[in-house]
Amino acid sequence: HKGSYDAAEECRPCLKEEMTHAYCTSELVTRGIIRSIENQEDAETSSVTVKVTKHLRHSSSGETSWSSEEEEENSVLPGGRETLVELTVPGHCGAKHGTGEFVFMARRKLGDLSITCAPRLEDWVEVIRSENLSGSANCVLNS
């Protein structure tokens, strides 16, 4: 064990402050619906396929591009009229197939887009409402 590392810590839902920080610092923020969850046996991760409903934000670094062909596996896959993105979560978190729309915030970790926060859309809208009143966010929050 690495000192104070707590495996459960990376599985718990994000607090409001963590959501706004993740929104402002993540490489990819998108609204979407969970299509499927697949446990990767060789890796210690689960792969979450998300149908993108609205793209909110992505970093300007060339790494997280929407049409990067050399990184087909880890980027957004245009599939007919719908856009899918593949994200990862730690396998021990036991990701579940939630219904409804979520706001997925992800960062690149070892080449994969790893979910940092994924609040339900209605919860995120509440966070935005309270953050916009207090004016404490570090960037413009959208839904």
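The values are calculated or read from the model by the stated rules, or taken from the named source; none is laboratory data. Only a predicted model underlies this, so the values are computations on that prediction, with no experimental measurement involved. Positions of Cβ are generated from backbone atoms using ideal geometry, with glycine treated the same way; all protein chains shown enter the neighbour counts.
Values as computed for the structure displayed
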read-out: Positions within segment 119-143 being in contact with a Leu (Cβ under 8 Å, 6 or more places away or on another chain) and either over 19 Å from Ser26 (Cα atoms) or not aliphatic (A, V, I, L, M) (or both), in sequence order; value: Glu131, Asn132, Asn142, Ser143
read-out: Filter pass, Ser130 being loosely packed, with under 15 Cβ neighbours inside 10 Å, modelled with pLDDT under 85, closer than 28 Å to Asp6 by Cβ and polar (S, T, N, Q); value: no
read-out: Some residue of segment 33-46 being under 17 Å from Val140 (Cβ atoms) and at pLDDT 95 or above; value: no
read-out: Residue ID - surrounded by the most Cβ atoms within 10 Å (Cβ to Cβ), chosen from residues in segment 13-36 that are of a type in the set (Lys, Arg) and over 20 Å from Gly135 (Cβ atoms); value: Arg31
read-out: Unique match (being within 17 Å of Val52 (Cβ to Cβ), modelled with pLDDT of 90 or more and not small (Gly, Ala, Ser)) among Glu73, Glu86; value: Glu86
read-out: Out of His92, His97, His55, sole residue that is within 22 Å of Arg129 (Cα to Cα) and at pLDDT below 95; value: His55
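Conditions tested, residue by residue: (1) more than 10 Å from the chain's Cα centre (by Cα); (2) part of a loop (DSSP other than H, G, I, E, B); (3) within 19 Å of Glu18 (Cα to Cα); (4) of a type in the set (Lys, Arg).
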position	(1), (2), (3), (4)
Glu86	no, no, no, no
Val89	no, no, yes, no
His97	yes, yes, no, no
Arg107	no, no, yes, yes
Ile115	no, no, yes, no
Glu131	yes, no, yes, no
Val140	yes, yes, yes, no
Ser143	yes, yes, yes, no
